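Student: Encoded as structure tokens, here's the structure I'll be asking about.
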Amino acid sequence: MLNRNASVRGISPMWSRTLSLRALLLVGVIFCQPTNAALIASGPGTPQIHYTDLDSAPVNAWVTLYGAGFGATQGSSAVYLGGSAALSVVTWSDTKIEAKLPASSGSGLTVVTSGGTSNSMAFTARTTGRILFADPVNGNNSWDGTSATFQGGSKGPWKDQGSSQNNSSPNAVSAGFFALKPGDVLYLRGGTYPYATNTYGGGTWLFLNGERSGVTSPNVGSAGLPIAMVSYPGEIAEGGSDSFGMGIMPYGNIHDITIAKIRLRSGSAAMSMNETKNARLRIVDIETAGPMNDEYNAFGFVGTDGLKVLGLKIHDVGKPGEKLSHAIYYEGYGTSTDVEIAYNTIVNERGGRGIQVYAHTATDRLDLLSIHDNYVDTTTLSGILVGQGDGGAVSNWVRTANIFNNIVRRTGNPNNYSSNGYLPEQAGIHLTLSGCNFTVTHNTLVGDNVYHTFWLEASNTAVVRDNLFDTKSIVVGSAAAGVTWDHNGFAGGLTPPSGAANSVVAALPGYISSSDFTLSSISAFKGKASDGSDIGVVSAGLAMKKPSSVVITVK
């Protein structure tokens, strides 16, 4: 039951068994999309902002910063907007800060500690937009949603996140998400929110009516004025069911939406998109678990410009033996650019791959794909695949792909495909596009993959630099053109491919331990990267640990 006496609201039980949840924030060297990505700050004690839940919000709203090196407690440290206006801190830890924006507008967020000043993270505080609230315990959908607590009259939080709107009544303006206008932010108080029922016959936690025929008030924002739904600071909203249904289901083209800091459980998918003209979506810090016992992906995305998939925690998902069931799946169906999949933790994908990017039509195009700082552990098929598409016919649909600072291990799990011919084709990272320019740097591919550590099947050009390949084989296909191998590390009996330069070869990788992938001081790969850092994942002085176990309850 929800603990109503706690100073910060507790969360009602959502899962009923204990598992090891990997929650990992990595520090990356990011060389594409600099306006959205954090750059390495100087000095080992300098704080680093990786990403935020919101990238735009009204003044006096709350924002969450994710990163590293903030310090266990705030002390004299501070968060600033525009370099000078201090935010009011609500919660503070070494990797996460929740703070309230000042009353003045401005841009850019920084964290200042005794170790120095962080990178500036792109952010806009504006005077437009409303701050609204929902509370599943004490709210009422007849109130106006303008206060986190009941203030008398009609002033108080709504009760739910927006469960009454569905595809059969697309123009019903209800409480919660469906009452939002461009620029608004809806904060969900802690607790469990209900499922809705749509005409597909299944429960949907949030049904997004996008731009489509018959919809006069689509649930979308506008450029510079997104609509957002996030958990209230210090609290977590949750919802879901093991029965058939979607967590978040867009129907129609959607754009300028942020959904963050939520726990979802679903019998089919946490989020599944079905339209092809989408733009500027932020899906941040959502935790989800199975059973998802069909061919749906945990998170499925289609044709989106400016897609940010950041900090998801996905575990124990996918139907065993279902090769179409992936943890994160981005598919083409159109032309798009600027897709970032980063800082996600994926553990135990029982069906297909951890992250898959795939095409479906001959006209599909994607430019500026960035997959970085992800922890992928235990997948039935490959950990990360950037592939051609249906029938292998779309060989050039991704034009540029940067894949860096990922940890991938235990891929190609034979337990779920004991007699399936797909297994020998699986790898920690598998790249199969003859028309793509790949850059693959500073990844650590741990030596407990079942089949291959790395498989470069096809490329237009590929730069493979500063990676640590541990134990399992490396495959380079005949269609892999223009490949530059430089300053990579090869452990556990691996030998460098033909033409590789500045390679480092050692019997053992030299991790600190089996659960900490930081290189020890005596590792042969320590400080041997092309930039003088470590080969493999860049830790910047932070332990690259397998995330610690936490207790998660299942409904």
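Student: How much net charge surrounds Phe178 when only other residues with a Cβ under 12 Å from its Cβ are counted (Lys, Arg +1; Asp, Glu -1)?
Tutor: Once all neighbours under 12 Å are counted, the net charge is -1.
Student: Kindly write out, for the range 85-100 in residue order, the coupling ³J(HN,Hα) from the Karplus curve 6.51 cos²θ - 1.76 cosθ + 1.60 (θ = phi - 60°), rounded to whole Hz, with x marking Gly and Pro.
Tutor: Result, rounded to whole Hz: 8, 6, 8, 8, 6, 9, 9, 9, 9, 5, 10, 8, 10, 10, 8, 9.
Student: Moving to a separate point now. What residues qualify as long-range amide H neighbours of Val89, i.e. H under 5 Å apart, gap of 5 or more or another chain, H built at 1.01 Å from N?
Tutor: So Val89 has HN proximity to Lys100.
Student: So for Leu87, Leu508, Leu366, fewest C-beta neighbours within 10 Å to most, what's the order?
Tutor: Going from least to most buried by this count: Leu508, Leu87, Leu366.
Student: Net charge near Leu307, counting Lys/Arg +1 and Asp/Glu -1 over other residues with Cβ under 15 Å of its Cβ?
Tutor: -4
Student: In addition: Exposure proxy check: Thr363, Thr73, Thr337, Thr64 ranked by fewest other beta carbons within 10 Å?
Tutor: Ordered from fewest to most neighbouring Cβ atoms within 10 Å, Thr363, Thr73, Thr337, Thr64 come out as Thr73, Thr363, Thr337, Thr64.
Student: Multiplying the sequence separation of Ser84 and Ser217 by 0.36 nm and subtracting their Cα-Cα distance, what value in nm do you get?
Tutor: Separation in residues times 0.36 nm, less the Cα-Cα distance, equals 44.0 nm.
Student: Going by amide H atoms built from the backbone, whose H comes under 5 Å of the H on Ala269, apart from near neighbours?
Tutor: Gly245, Gly247
Student: Taking H as built 1.01 Å from N, whose amide H comes closer than 5 Å to the amide H of Asp285, not counting residues under 5 places away?
Tutor: Long-range HN contacts for Asp285: Lys261, Leu310, Gly311, Leu312.
Student: Further, regarding this structure: Give me the mean projected area, in nm² to one decimal, of the convex hull enclosing the Cα positions of the range 48-126.
Tutor: Its Cα hull, projected and averaged over all orientations, spans 4.1 nm².
Student: Here is a follow-up. Find the relative contact order for the range 230-305 and round it to a whole percent, using C-alpha pairs within less than 8 Å whose residues are 6+ positions apart.
Tutor: 33
Student: For the range 130-145, just list the computed ³J(HN,Hα) in residue order, Karplus coefficients 6.51, -1.76 and 1.60, θ = phi - 60°, integers in Hz, with x standing in for Gly and Pro.
Tutor: Per-residue couplings from phi come out as 10, 10, 10, 9, 9, 9, x, 9, 10, x, 8, 5, 8, 7, 8, x Hz.
Student: Place +1 on the Cβ of every Lys and Arg and -1 on the Cβ of every Asp and Glu in the range 328-484, take the dipole about the Cα centre, and give the residue among Leu381, Thr471, Ile355 whose Cα lies farthest towards its positive end.
Tutor: Toward the positive end, the furthest listed residue is Thr471.
Student: Something else: When the chain is fully extended, how far beyond the present Cα-Cα distance does Asn274 get from Ala72, taking 0.36 nm per residue of separation?
Tutor: Roughly 68.5 nm would be gained on extension.
Student: Filter the chymotrypsin sites (Phe, Trp or Tyr not before Pro) in the range 326-383 to those in DSSP coil with at most 15 other Cβ atoms within 10 Å of their Cβ, and list the result.
Tutor: Loop-located and lightly packed - none at all.
Student: Give the separation of the Cα centroids, the range 201-230 to the range 249-280, in Å.
Tutor: 9
Student: Using Cβ contacts closer than 10 Å as the measure, can you line up Ser114, Ser459 from fewest to most?
Tutor: Ser114, Ser459
Student: Counting only the backbone N, which residues of the range 350-379 are under 14 Å from the spot 7 Å out from the Cα of Glu295 toward its beta-carbon?
Tutor: Inside the label zone: 352.
Student: What does the charge count around Thr379 come to, taking other residues whose C-beta lies under 10 Å from its C-beta (Lys +1, Arg +1, Asp -1, Glu -1)?
Tutor: Computed value for this residue: +2.
Read-outs throughout are calculated quantities, based only on the coordinates presented, and are distinct from any laboratory measurement. Only a predicted model underlies this, so the values are computations on that prediction, with no experimental measurement involved. Glycine also receives a Cβ, built like all others from the backbone with ideal geometry; neighbour counts cover every protein chain displayed.
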